[in-house]
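First up is the structure itself, then whatever we jot down about it.
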Amino acid sequence: MHKNQEKNQLEVLQRLAHVGIWEFDLRTHVLNWSNEIFNIFEVDKNYFQPSYENFFKLVHPDDKESLENIYLSTLNTKEKFKTVHRLLFPDGRIKYVEQSGDSIFDKNGTPLISRGTVQDVTELTLLKIEAQNEHDKLKAILENIPDLLWIKDTNGVYISCNKRFEDFFGAKEKDIVNKTDYDLMLP
């Protein structure tokens, strides 16, 4: 396979997976992005110059400090990193991306190059947020009904219960969950 064919296949795979590749040379401060990162970040590669500073201009203001601390920490610990953060677009839209990366160090431990991936995880993150919101709603309903309420799985094992049920059994939910009636009651 020729080098151009390999490059084209890599770009197609990145586009299909919504994953882009980046490399940051800490000696020259040059940041290189694959085409898919430009697509994910919705910037025109003909006008946008990737740089450490320009990248952080795209990051949601509430995530900038945390993201930078994670990255700088890995330069000290020499560990890989993986984190999800938000991008904020001029029209107010938010996109969630997962950043993964690691760095190459010289024999003295000085970081030379950082490299990694960016993946658009907006759909998955929004589904997780929606599921957590539904869980919180159901938990609020369960907690505020004055009757004894509990949920068991098909094997009769407690999954959850409300405060009234805790009070009745004289035990906290964490001590009731994963037990059966037999476990809770004296023979």
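Worth a mention:
- Candidate set from the range 34-81 (those that are open to solvent by 30 Å² or more (accessible area, probe 1.4 Å) and hydroxyl-bearing (Ser, Thr, Tyr)); member that is farthest from residue 119 (Cα to Cα): 77
- Restricting the range 114-130 to residues that are open to solvent by 30 Å² or more (accessible area, probe 1.4 Å) and of a type in the set (Val, Ile, Thr), the residue that is nearest to residue 28 (Cα to Cα): 117
- From the list 167, 175, the one residue that fits, being open to solvent by less than 70 Å² (accessible area, probe 1.4 Å), assigned to a helix (DSSP H, G or I) and over 30 Å from residue 41 (Cα atoms), is 175.
- Looking only at the range 69-97, residues that are under 22 Å from residue 19 (Cβ atoms) and among the acidic types (Asp, Glu) come to 1 in all.
- The one condition from (1) open to solvent by less than 60 Å² (accessible area, probe 1.4 Å); (2) assigned to a loop (DSSP other than H, G, I, E, B) that residue 146 does not meet is (1).
- Residue within the range 14-23 that is at positive phi, in a loop (DSSP other than H, G, I, E, B) and open to solvent by less than 30 Å² (accessible area, probe 1.4 Å) present: no
- Taking each residue of the range 103-129 that is closer than 14 Å to residue 78 by Cβ and looking for partners that are of a type in the set (Phe, Trp, Tyr) with beta-carbon atoms closer than 6 Å, six or more apart or interchain, yields 111/105; 114/24.
- Considering residues of the range 100-113 that are touching a strand residue (DSSP E or B) at 6+ places or on another chain (Cβ under 7 Å) and polar (S, T, N, Q) only, the residue surrounded by the fewest Cβ atoms within 10 Å (Cβ to Cβ): 100
- Selected residue (only one of 84, 97 is touching a residue at least 40 places away in the same chain (Cβ under 8 Å), open to solvent by less than 70 Å² (accessible area, probe 1.4 Å) and assigned to a strand (DSSP E or B)): 97
- Condition check for residue 91: open to solvent by 30 Å² or more (accessible area, probe 1.4 Å), within 24 Å of residue 127 (Cα to Cα) and part of a helix (DSSP H, G or I): no
The values are calculated or read from the model by the stated rules, or taken from the named source; none is laboratory data. All values derive from a computational prediction rather than experimental measurement. No Cβ is skipped: glycine too gets one built from the backbone with ideal geometry, and neighbour counts run over all protein chains shown. Note: areas computed on protein heavy atoms with side chains; ligands, DNA, RNA excluded. Shrake-Rupley method; radii C 1.70, N 1.55, O 1.52, S 1.80 Å.
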